[in-house]
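The values are calculated or read from the model by the stated rules, or taken from the named source; none is laboratory data. From a predicted model like this one, the values you see are computed outputs, not experimental measurements. All Cβ positions, glycine included, derive from the backbone under ideal geometry; neighbour counts span all protein chains shown.
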Amino acid sequence: MALYVYKFGGTSVGTVERIRAVAEKVKAARDRGDQIVVVVSAMSGETNRLLGLATQIQAQPQPDSRELDVLLSTGEQVTIALLCMALHELGCPACSYTGGQVKILTDDAHTKARIRSIDDQSMREDLARGKVVVVAGFQGVNDRGWITTLGRGGSDTTAVALAAALQADECQIYTDVDGVYTTDPRIEPRARRLKQITFEEMLEMASLGSKVLQIRAVEFAGKYNVPLRVLSSFTEGEGTLINYEEPKMEQALISGIAFNKDEAKLTITGVPDLPGGASKILGPIAEANIEVDMIIQNIAGDDTTDFTFTVHRNDLQRALEILQVVREQLGAGKVTGDDGIVKVSIVGVGMRSHAGIASTMFKTLADEGINIRMISTSEIKISVVVDEKYLELAVRALHSAFHLDQELPA
């Protein structure tokens with residue numbers, strides 16, 4: 001007997017018909033003799049609808065975070081009840097749990113809480129009785145019993161955390177795609193579904209713009225060694241397995257190409273080349289809660305430097321305002337901003353043991369006439385910033401250069 005945690009997102013439970021289809025899939029798994037825990041999101045569009053109601057009532061400065069958690073958590077509560085009703089209709093015993101009923105204990109950070117512990121006793125008792133356990137994703141409670149939520153995409157984290165607590169054989173994430181692809185098929189039609197990928201690679205791809213899984217869920221799965229599988233709710237297939245690296249996986253130099261359109265670049269020129277200059281520039285940016293991604297510093301012959309970094313595109317104007325103040329304080333040259341850029345990255349554990357990956361990437365882009373603005377590297381990724389108009393050309397050229405459309409030998 002195997003124990004599986006299934007997670008179904010908003011589109012998978014977006015209508016009564018789809019909830020019934022999920023119930024049939026779950027019942028079939030239970031009938032095979034498996035123990036099943038199901039984590040569900042709110043029906044598609046419901047969280048946005050509730051958030052819209054909140055902003056109509058309390059728009060400025062923003063809705064109270066404690067009450068917002070109380071409100072938004074009701075979306076998943078609707079889904080767990082409906083799914084259990086659908087299971088009962090099929091003659092399958094099931095029991096629903098809110099995050100508080102499971103006792104998913106979190107910290108006090110409303111709207112972005114982190115899980116501290118999970119009490120799995122009641123779930124195990126229901127599983128032993130042959131019931132399907134249906135849990136509301138995205139939510140928990142703090143030490144005072146107040147409802148908290150885990151942030152957008154938090155149902156993925158709930159599913160992985162439950163799988164870790166229950167020592168499940170696998171956590172299966174059902175979405176509207178049938179796995180993790182070498183890149184976005186909408187950009188490169190020859191993109192290939194990966195049969196397997198490592199936690200490290202998936203974490204990099206998630207952080208670089210791939211929307212398949214929430215970053216925190218991948219981190220959690222890697223930390224507790226929970227095998228993850230991404231599958232489609234609407235088609236049959238084996239999906240993509242995410243686990244730790246196996247020797248055979250070294251055959252692939254590059255596993256995928258990720259890209260992020262939400263980047264903006266800022267440059268402050270003529271900064272006096274003195275100790276603490278970077279801190280004086282980035283300190284105020286950090287104090288404004290603006291996250292910095294890539295950083296480049298160029299030293300000129302006149303003892304000044306040009307300092308360039310990237311932020312999320314939504315933070316560009318605020319960052320420009322801050323840098324204008326910093327420029328005056330430092331006596332620097334000028335400040336410029338550019339939101340017409342994208343970040344394109346190649347990811348793969350195989351590059352650890354193979355030289356020449358970077359040169360292949362740079363030559364491929366050069367051959368297409370694509371100028372590289374910035375470069376960042378890690379042990380398993382290389383990222384470049386290029387003009388946004390070259391995004392599709394860059395992705396397709398790199399996908400071809402690294403033969404990502406070709407299946408690996410068995």
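Residues that are touching a helix residue (DSSP H, G or I) at 6+ places or on another chain (Cβ under 7 Å), assigned to a loop (DSSP other than H, G, I, E, B) and surrounded by fewer than 18 Cβ atoms within 10 Å (Cβ to Cβ) do not occur anywhere in the stretch 293-310. Within the stretch 372-401, if we keep just the residues that are polar (S, T, N, Q) and assigned to a strand (DSSP E or B), the residue that is surrounded by the most Cβ atoms within 10 Å (Cβ to Cβ) turns out to be Ser383. Restricting attention to the stretch 295-307, does a residue exist that is in contact with a Phe, Trp or Tyr (Cβ under 6 Å, 6 or more places away or on another chain) and of a type in the set (A, V, I, L, M)? Within the stretch 295-307, one or more residues are in contact with a Phe, Trp or Tyr (Cβ under 6 Å, 6 or more places away or on another chain) and of a type in the set (A, V, I, L, M).
For every residue, the table says whether it meets (1) part of a strand (DSSP E or B); (2) surrounded by 20 or more Cβ atoms within 10 Å (Cβ to Cβ); (3) at pLDDT below 95.
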| position | (1), (2), (3) |
| --- | --- |
| Met1 | no, no, yes |
| Ser12 | no, yes, yes |
| Arg18 | no, no, no |
| Val22 | no, yes, no |
| Ala28 | no, no, no |
| Val38 | yes, yes, no |
| Met43 | no, yes, no |
| Asn48 | no, no, yes |
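Screening the stretch 173-196 for residues that are within 23 Å of Arg18 (Cβ to Cβ) and acidic (Asp, Glu) and picking the one that is surrounded by the fewest Cβ atoms within 10 Å (Cβ to Cβ) gives Asp176. The stretch 120-221 holds strands (runs of 3 or more DSSP E) entirely within its bounds, and those carrying 1 or more residues that are within 30 Å of Ala397 (Cα to Cα), in contact (Cβ under 8 Å) with a residue 60 or more places away in the chain and in contact with a helix residue (DSSP H, G or I) (Cβ under 6 Å, 6 or more places away or on another chain) map to 196-198. Taking the condition within 23 Å of the chain's Cα centre (by Cα), surrounded by 16 or more Cβ atoms within 10 Å (Cβ to Cβ) and in a loop (DSSP other than H, G, I, E, B), does Ala113 pass? For Ala113, the condition - within 23 Å of the chain's Cα centre (by Cα), surrounded by 16 or more Cβ atoms within 10 Å (Cβ to Cβ) and in a loop (DSSP other than H, G, I, E, B) - is met.
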